[in-house]
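Below you'll find the structure, written out as structure tokens, and then a few comments.
Quick note: the coordinates plus some simple rules give every number you see, no bench work behind them. None of the values given here were measured: they were computed from a predicted structure. Neighbour counts are summed over all protein chains in view; Cβ atoms, including those assigned to glycine, are modelled from backbone coordinates with ideal geometry.
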Amino acid sequence: MVFKDNVKDAKVCVIGLGYVGLPLAVLAKRKGFDVVGVDKDDSVVKKCKEGVSHIDEAFLHEWFAEVGSLDACLDVVCSDVYIICVPTPVDKKKYPDLTYVKAAVSEVASVVEDNQLVIVESTINPGVCEEVVLPLLEASGKHVLLAHCPERINPGDAKWHVDNIPRVVGGISLEAGEYAKAVYDKLLDAEVTLLSDIKAAEATKIMENTFRDVNIAFVNEMAMSFYRMGIDVSEVIRGAETKPFSFLAHYPGMGVGGHCIAVDPYYMIERGRDKGFEHNFLIRARKINAGMPRFVANLLQSRLNFLKYPVNGTRIAVLGLSYKPGVADDRESPSYDLINILRARGADLAVFDPYLPEKSSVGSLEGALDGAVCVVIATAHKQFLDESLYCDVKLLIDGRNCLDKSKVSKNVLYVGIGVSR
Ligand code: SAJ
């Protein structure tokens, strides 16, 4: 049954209860939907039933306190609306890996009935819904409505959450698109824009994230160049930001991590190749960003040697494994690339991330700094932002330009990304 006109009566099944699906499922319950969450991790299912968020976000703890608990199970149940929020990583060759999407869609196809709606939120490249998802659903022999509403979650963001982030949606048909829009209009306190077709919706998300990746690559390249000129890139960005139009600041760093920005451009690159187009610019930008850990390792080595220290055998503290501040998420984190390079050069490493103690090699920040000749700030966690912490080291590499260099002890050689004293 199509619930376009009385969508609040639709039973909703959210598949994948990670940083995208869990907030969405809890929001659906807050908005009065009959909702069930599905996840293959039984510890996640158990916590949902207990009303506990396995994701440490303040708003999610509040929402769970409000709704009490979330009905959840391991397998897809027949519903009116299915929203697929499973991961879409890339494989070792950087090709899009649709394993999770295909598995979720196939499971939906095994229970779906006529005129039910399937919405894919997972990030996919243009064409995947029509060429991969739809055939799997059609194999059910049922008339299934299909739409795409790309997720726009920003983990760790205190302001923007699933309920207030505007969205775009596109359908395999106008009916599917309008039905999906009706669902999100009911779910969200934000504008929902219906695009002309499902590929436009797939392309919108890829455009957003690829835009960010190339802008980060741009500023990384400028930073490496300015460093050779003795120009402070942070000051130049502040200067450029005084222009009230046509400039959008991005910031240099030791690399791009996360499951979105570091991954999504590869979707576009591969899709372009499928169609005989080589995304030279996107490929170049990915190479620049993926090359930042090595740039930082070489910068560290040159500065250590300047101080008459080798890398080999020298105690180096690497602070931060998460791909961005304030989160316990190290997927695609450039910290690991830096660690591997330094380890290969014989460094005596102490690695600490307060959000990932189980992956740290020492148990505290003090332990990491103890005896360290060099410190690298790889993630701008708030715990690392006190310049006085580093007064006893010889070399401080600020991999996120997150410190005030004027507050760093004059006895310390301070170097950022495109920033020096
Ligand atoms: N980074 C830089 N310089 C920058 C911005 C980011 O080096 O100027 C690095 C970060 O350190 C991190 C990586 O890039 O390692 C990704 O940072 P991010 O802030 O983009 O964080 P994400 O991956 O959580 O991005 C999310 C994305 N949301 C979705 O894909 C749904 C992205 O689209 C958003 O633009 C981004 O949040 C946001 O706006 O903060």
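Averaging sequence separations of C-alpha pairs under 8 Å and six or more residues apart, then dividing by the length of the chain, give the relative contact order as a whole percent. Provide the component values of the computation, followed by the final result.
Values: 876 pairs, mean separation 46.9, N = 421.
In percent, rounded to a whole number, it is 11.
Within the range 149-234, report the trypsin sites (Lys or Arg not before Pro) that DSSP leaves as loop and that have at most 10 other Cβ atoms within 10 Å.
Listed in order of number, the matching sites are 159.
Any chance you could run the full-extension gain for residue 110 through residue 238? It's 0.36 nm times the residue separation minus the Cα-Cα distance, nm to one decimal.
On the way: separation 128, 0.36 × 128 = 46.08 nm, distance 5.49 nm.
Answer, rounded to one decimal: 40.6 nm.
Report, as a whole number in µm² per second, the diffusion coefficient that Stokes-Einstein gives for the chain at 37 °C and 0.692 mPa s using the Kirkwood radius over alpha carbon pairs. The partial results should precede the final answer.
Values: Rh = 23.1 Å.
The Stokes-Einstein estimate is 142 µm²/s.
Relative contact order for the range 218-311 using alpha-carbon pairs under 8 Å, separation at least 6, rounded to a whole percent?
Working: 53 pairs, mean separation 24.5, N = 94.
Value for the range 218-311: 26 percent.
GluC sites (Glu not before Pro) within the range 157-200: which are DSSP loop residues with at most 14 other Cβ atoms inside 10 Å?
Working: sites: 175, 178, 191; in loops: 191.
Passing sites in the range 157-200 are 191.
Using Cα centres only, tell me the gap between the range 235-261 and the range 80-117 in whole Å.
34 Å
Which value in nm describes the separation of the simple spin-label points at residue 362 and residue 294, placed 7 Å from the Cα toward the beta carbon?
Simple spin-label model gives 2.9 nm for this pair.
Would you list, by chain and number, the lysines whose Cα falls below 20 Å from the Cα of residue 29, excluding same-chain residues fewer than 8 positions away?
Excluding near neighbours in sequence, the set is 4, 8, 11, 46, 47, 49, 181, 186.
Of 187, 338, 389, which has the largest mean-square fluctuation in a 10 Å C-alpha GNM of the chain?
389
Can you give the Rg/Rh ratio of the range 164-209, where Rg is from the C-alpha atoms and Rh is the Kirkwood radius?
Details: Rg = 10.2 Å, Rh = 10.5 Å.
Ratio of gyration radius to Kirkwood radius for the range 164-209: 0.97.
Subtract the Cα-Cα distance of residue 278 and residue 91 from 0.36 nm times their separation in residues, and report this length gain in nm to one decimal. Please report the intermediate quantities before stating the final value.
Working: separation 187, 0.36 × 187 = 67.32 nm, distance 1.95 nm.
Here the answer is 65.4 nm.
Whole number please: convex hull volume per residue, Cα atoms of the range 153-247, in Å³.
On the way: hull volume 12.6 nm³, N = 95.
Here the figure is 132 Å³ per residue.
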